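What follows draws every value from the coordinates through simple rules; no lab data is involved. Source: prediction; values computed, not measured. So basically every Cβ, Gly included, is an ideal-geometry build from the backbone, and we count neighbours across all protein chains shown.
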Amino acid sequence: MHATKWLQLSIALSFLAGLFKVLGGVLGSSKSVYVDALTSIANTLSIALIYTFYRKSLEPPDHDHPFGHLRLAFGGPIATLMLYSFVLGVVVVDIASYFGKPYTISIYAPACAAIGMAFYALAIATSRKEKPLTIYYARFTAIEFIEGLATVASSLGGILISFWIDYVTAIALTLYLVVELWSNLNEIVYTISDCSQMEVSSKISRYLSELGFEVKRVRIRRVFGDAYHGDIAVKVRNPSATNLDSFVKHVEEEIRKKFKADVVLKVE
């Protein structure tokens, strides 16, 4: 199945999962399912935004983006962080307002949470078919699946034993969301900070050495996913080589094919 088809299927499954969780939160009067429902809304919106930014990232280079639009794909993960941060604020206010106030939970809460959990399991499986585009989304969808397990159990506990079981679970899910937000933020910052790509640099250096170049300096950065960009300073071991310019162009093209790295060779 084509990559975008997997993504579209994930969107549809996420929408169905979110719909059932929202129903559970509204009809079931469960705080844990309410947290689950709000994150479900953010989840569905985030995958739609990821898809939108992904389509933009496929556009060819133009005057404003001479190196292409690949990095526009980061708009998806960043939008995901924004949406979940907003949900975090809403959830914290709601949980605080119900502190110490008893409430009654309906059987609709665990039932709808269980159905939503099943749809999210399928959404996770399909979203992982398209890496790295949906890797951040898949992680938050995994949160939804974990929340589904927790909310089914806690809402049942709230019905059969005490509302406090449901309430404490809602707090725990909120704290878990904070941890995941921080973790994904750090990873996005690391990815866009142009850190040295040692593994790719080493492979390209070995390849150039085999072709007779002496590698003086390598500067490779990750653009997005497994696409790289940079420049490499080399010295020709055989200065008398004919058609050097055409040979260098050929090597650049081979590096682009073999390593997905758009590099410029600078002959010293």
Subject >> Amide H contacts of S29 (H built 1.01 Å from N, under 5 Å, at least 5 apart or other chain) >> reply: S106
Original post:
For R221 and L27 in the same chain, what is the full-extension length gain: residue separation times 0.36 nm, less their Cα-Cα distance, in nm?
Top reply: 64.8 nm
Original post:
Taking θ as phi - 60°, what are the ³J(HN,Hα) couplings along segment 261-268 by the Karplus curve (6.51, -1.76, 1.60), each to the nearest whole Hz, with x for Gly and Pro?
Top reply: 10, 8, 10, 10, 8, 9, 7, 9
Original post:
V234's amide H: which non-local residues (gap 5+, or another chain) put their own amide H closer than 5 Å, with H modeled 1.01 Å from N in plane and none for Pro or chain starts?
Top reply: K216, K266, V267, E268
Original post:
Tell me, L211, L16 in order of fewest to most beta-carbon neighbours within 10 Å?
Top reply: L211, L16
Subject >> Under DSSP loop assignment and at most 14 Cβ neighbours within 10 Å, longest trypsin sites (Lys or Arg not before Pro)-free interval of the chain >> reply: 1-236
Original post:
Using alpha-carbon pairs under 8 Å, 6+ residues apart, how would you state the relative contact order of the chain in percent?
Top reply: 19 percent
**OP:** Provide the net charge surrounding K31, with neighbours chosen by a C-beta distance below 11 Å and charges set as Lys +1, Arg +1, Asp -1, Glu -1.
**Re:** -2
**OP:** Pick out which of D226, D64, D166 has the largest mean-square fluctuation in a Gaussian network model of the chain, springs linking Cα atoms closer than 10 Å.
**Re:** D64
**OP:** With θ set to phi - 60°, apply the Karplus curve 6.51 cos²θ - 1.76 cosθ + 1.60 along segment 38-49 and write out the HN-Hα couplings as whole Hz, x wherever there is a Gly or Pro.
**Re:** 5, 5, 5, 4, 4, 4, 5, 5, 5, 5, 5, 5
Original post:
Taking the DSSP beta bridges in the chain as the whole, what percent of them are antiparallel, to the nearest 5?
Top reply: 60 percent
Original post:
Which longest run of the chain has no exposed loop site in it, a site being chymotrypsin sites (Phe, Trp or Tyr not before Pro) in a DSSP loop with at most 11 other beta carbons within 10 Å, and the site itself not part of the run?
Top reply: 100-268
Original post:
Taking springs between alpha-carbon atoms closer than 10 angstrom, which of S29, S57, S246 fluctuates most in the Gaussian network model of the chain?
Top reply: S246
Original post:
Which residue fluctuates the most in the chain, going by a Gaussian network model with Cα springs under 10 Å, if the choices are P66, P110, P77?
Top reply: P66
Original post:
Once amide H atoms are built 1.01 Å from N in the peptide plane, which residues 5 or more positions from D262, or in another chain, come under 5 Å H to H?
Top reply: Y228, H229, G230
Original post:
Which ³J(HN,Hα) values, rounded to whole Hz and listed in residue order, are derived for segment 157-166 from phi using the Karplus coefficients 6.51, -1.76 and 1.60 in 6.51 cos²θ - 1.76 cosθ + 1.60 with θ = phi - 60°, glycine and proline given as x?
Top reply: x, x, 6, 8, 10, 7, 4, 4, 4, 5
**OP:** Grab the Cα-Cα distance for D194 and T52, subtract it from 0.36 nm times how many residues apart they are, and report the gain in nm with one decimal.
**Re:** 48.7 nm
Subject >> Violating pairs (Cα-Cα greater than 18 angstrom) within the set K5/K257; K203/K257; K203/K258; K56/K257 >> reply: K5/K257; K56/K257
Subject >> Spatial separation of Cα centroids for segment 1-61 and segment 88-125, in angstrom >> reply: 16 Å
